[in-house]
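Reading through the structure tokens given below for one structure.
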Amino acid sequence: MRQFVAVFVDALRLLRARALFWITLGISALAAVLYLSIGFDENGVTFLFGASGFESEFLREGSPLAEMFYLGIFSMIIVNLWLSWIAVILALITCAPVFPEFMAEGSAGVALSKPISRIKLFFYKYLSGLLFAFLQTGIFCAIVFLAIRLQVGTWNPSVFWAVPLVVLMFSYLWSVMVAVGVRTRSVMASVLASLLVWFGAWIAKTVEEYAWTAAEFGEVPAAQGSMRLTEAEQKGWRDRYSQVSLAYTLLPKTSDTVNLLQRLVTVQGQKKFAVSELLNLMATGAPVRDDEVEEALERHSVGFIIGSSLAFEAVMLAFAGWSFCRRDY
Amino acid sequence: MEAAAVEIEHLSKRYGRFEALREVALSVPRGSVFGLLGPNGAGKSTLVKSLLTIVRPTECRGTLLGERIGHRRTLAKVGYLPEHARFPEYLTGRQIVGFTAGLAKVPAKQAKRRAEELLETVGMKDWADRKNGTYSKGMRQRVGLAQALVNDPEIVFLDEPTDGVDPGGRIEIRKIIERMREEGRTVFVNSHLLGEVEQVADEVAIMAHGRIAESGTLESLTRRDNRYEIRTLGPVPAEVRAELEGDGLEVAGDRIASTAADAKGVQQLIDRLRSRGVVIREMKELRFTLEEVFLKAVQSVGKEESR
Ligand SMILES: Nc1ncnc2c1ncn2[C@@H]1O[C@H](COP(=O)(O)OP(=O)(O)OP(=O)(O)O)[C@@H](O)[C@H]1O
Ligand SMILES: [Mg+2]
């Protein structure tokens, strides 16, 4: 316990000493406050605390769709763009030097010559990286939680699901970073490697989506709308689906993990939150639920998404931990 | 008899095909100051790191404080100042000492008290709350020394403790080392600065090319050959000189060198000279300087190496 506290406090001090840490937390809070600045009045939606806005009969103070719209912005725009991209990139860059710096000549010796096993030291250090992502998302969600209460009048604790999910997604990439950091002791190499895996995961997901639509609906996206496939082509896609989606299966599911939030965030405590409803609302002005889209969005189970990603992470960590324990300093 | 603080029976370390340590055997008595000497790249740091589990030795048999080398819990009783110690820039001197205390499982209250004392001892009290990044090289080294002692260790390993420290600081560090010995700790110092080690060490080992070339007390290493020198008033007369040289003694000007088990053995020679009317000005026991012992040891290993 005493050792854990020592490593943890040290990690906090490391983060606190980084300008990036404060910048990231600051931007994070700013994004949350921007969200807070969106409100509703008797005519419609307002932005920047009423500085501008538009009129809408569905979206105004007290309308049932207002909460859904407000939460929709949270889980689609804020979570997808802010928390799962920008904030994670900033967190990765902030945490990148944790291992390389620790393992530098003349600095690892002190910790390694203490009565603490290497594997413990490794995990304490690893956890201290997660701590950062946790703090950042935690603060963000707390502001969002208050914003929802202020703007639509309900307490919605389900937004706090963002904390574990974003931390989870960060942890996939963090494990890559740790593995490369331990091997190369290079900050640059570990940042690049994690971004590469992230990009790879994104490509793999895009490919999987394409193959799935082709196999399931016999349709592929084209320059204009979509293109119908012949029966034979569709069958071909069906046969090859598992091969084509192999990369997707093996790599961590970064965006899918964060998108689980859309299944977990509730409106008025019960109704399941439907993305298609929101999309239609924005496109046509009427909230119509599209079951096909909903089904497509949920075709992978939570267990598969998180389980296979954690398997990837476990492999990375096992490799990193093994290297960390075996090497000479 | 209490077991030695460090007892290495057999220690080897290979980096790929390069042998950094070859079958090193070494014994460090408790409560002594032990100096490990050697040229750059001899393997001194590797030896210490192997004892502290920082480097994984290829083969290792021996004990540290009576426990098998590599035994984790024993490390709570060990202090260490690494070579080129680089503590995080963002920590203050006090925090660095506190961090080590935490990892060594020193209870928080006790750690605080000891940190206070130690920072005072190393002369860093007024600077304790400034960031490490603002310290000079010597100040960092002092903080490093303080953190090495925070867990009240039985043995302290100092890898080139005076590296980058000014002459005043070196004297202070020497005093700190002497104080550690008075407190009953064993101090293991790595250095290539012979003069410094000579001043504090009770025992030394000389290392070269990953091997221990010589080891023992300073006393035994420097006078090992039992050589005595007699100096006469004016040059040794020619006929006496020829006679002595005939007996295999070295004579040069007014100096006569002889080997004998002890001073008694030389008396006969003195009598002989006196009987011939030679006036003796001085008789002394010849000692090698540590430098000579060092160079000889390193050269002999070097020669074996090239064969
Ligand atoms: N990680 C490593 N990989 C390969 N070789 C190494 C490694 N660490 C040390 N060596 C080699 O082992 C030898 C001994 O190194 P070591 O640092 O123990 O020397 P030293 O006696 O402490 O020298 P110095 O006085 O310069 O500190 C050197 O030749 C060095 O090149
Ligand atoms: Mg060295």
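The values are calculated or read from the model by the stated rules, or taken from the named source; none is laboratory data. All values reported here derive from a predicted model rather than from experimental measurement. Don't worry about glycine lacking a Cβ; one is built from the backbone with ideal geometry, like all the others, and counts go over all protein chains shown. Areas reflect the complete protein model, heavy atoms only, side chains present, ligands, DNA and RNA absent. Shrake-Rupley method; radii C 1.70, N 1.55, O 1.52, S 1.80 Å.
Things to note:
- Within the range B:181-194, restricting attention to residues that are more than 14 Å from ligand 2 (Cβ to nearest atom) and touching a residue at least 40 places away in the same chain (Cβ under 8 Å), the residue that is farthest from the other protein chains (Cβ to nearest Cβ) is B:Leu194.
- Condition check for B:Gly133: in a helix (DSSP H, G or I), within 16 Å of ligand 1 (Cβ to nearest atom) and open to solvent by less than 70 Å² (accessible area, probe 1.4 Å): no
- Residues located in the range A:155-196, provided they are outside any helix (DSSP H, G or I) and open to solvent by 40 Å² or more (accessible area, probe 1.4 Å): A:Trp155, A:Arg185
- Qualifying residue in the range A:98-121 (condition: outside any loop (DSSP other than H, G, I, E, B), under 21 Å from A:Ile38 (Cα atoms) and out of contact with any strand residue (DSSP E or B) (no Cβ under 7 Å at 6 or more places or on another chain)): no
- Of the residues screened, A:Ala11 is one that is under 23 Å from the mean Cα position of the chain (by Cα) and either within 14 Å of chain B (Cβ to nearest Cβ) or more than 27 Å from A:Tyr126 (Cβ to Cβ) (or both).
- Selection count, the range A:102-116, where residues are open to solvent by 10 Å² or more (accessible area, probe 1.4 Å) and more than 7 Å from chain B (Cβ to nearest Cβ): 1
- So B:Arg86, is it within 16 Å of ligand 2 (Cβ to nearest atom) and basic (Lys, Arg): yes
- Only one of the numbered conditions (1) hydroxyl-bearing (Ser, Thr, Tyr); (2) in contact with a Gly (Cβ under 9 Å, 6 or more places away or on another chain); (3) in a strand (DSSP E or B) is violated by B:Thr74, and that is (3).
- Checklist (1) open to solvent by 40 Å² or more (accessible area, probe 1.4 Å); (2) more than 15 Å from ligand 1 (Cβ to nearest atom) applied to B:Ala5, failing item: (1)
- A:Glu61 vs. criteria open to solvent by 20 Å² or more (accessible area, probe 1.4 Å), of a type outside the set (Phe, Trp, Tyr), under 30 Å from A:Arg326 (Cβ atoms) and out of contact with any Ser or Thr (no Cβ under 9 Å at 6 or more places or on another chain): no
- Out of B:Gly144, B:Gly164, sole residue that is within 16 Å of ligand 1 (Cβ to nearest atom), at pLDDT below 90, open to solvent by less than 50 Å² (accessible area, probe 1.4 Å) and within 14 Å of chain A (Cβ to nearest Cβ): B:Gly164
Residues checked against (1) more than 8 Å from ligand 1 (Cβ to nearest atom); (2) of a type in the set (A, V, I, L, M, F, W, C); (3) in the same structural domain as B:Val187 (by TED's automatic domain parsing):
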{"position": "B:Ala20", "(1), (2), (3)": "no, yes, yes"}
{"position": "B:Pro29", "(1), (2), (3)": "yes, no, yes"}
{"position": "B:Val33", "(1), (2), (3)": "yes, yes, yes"}
{"position": "B:Leu37", "(1), (2), (3)": "yes, yes, yes"}
{"position": "B:Asn40", "(1), (2), (3)": "no, no, yes"}
{"position": "B:Thr46", "(1), (2), (3)": "no, no, yes"}
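- A:Gly138 satisfies every condition listed in (1) under 18 Å from A:Ile27 (Cα atoms); (2) under 15 Å from the mean Cα position of the chain (by Cα); (3) buried (at least 18 other Cβ atoms within 10 Å of the Cβ) except (3).
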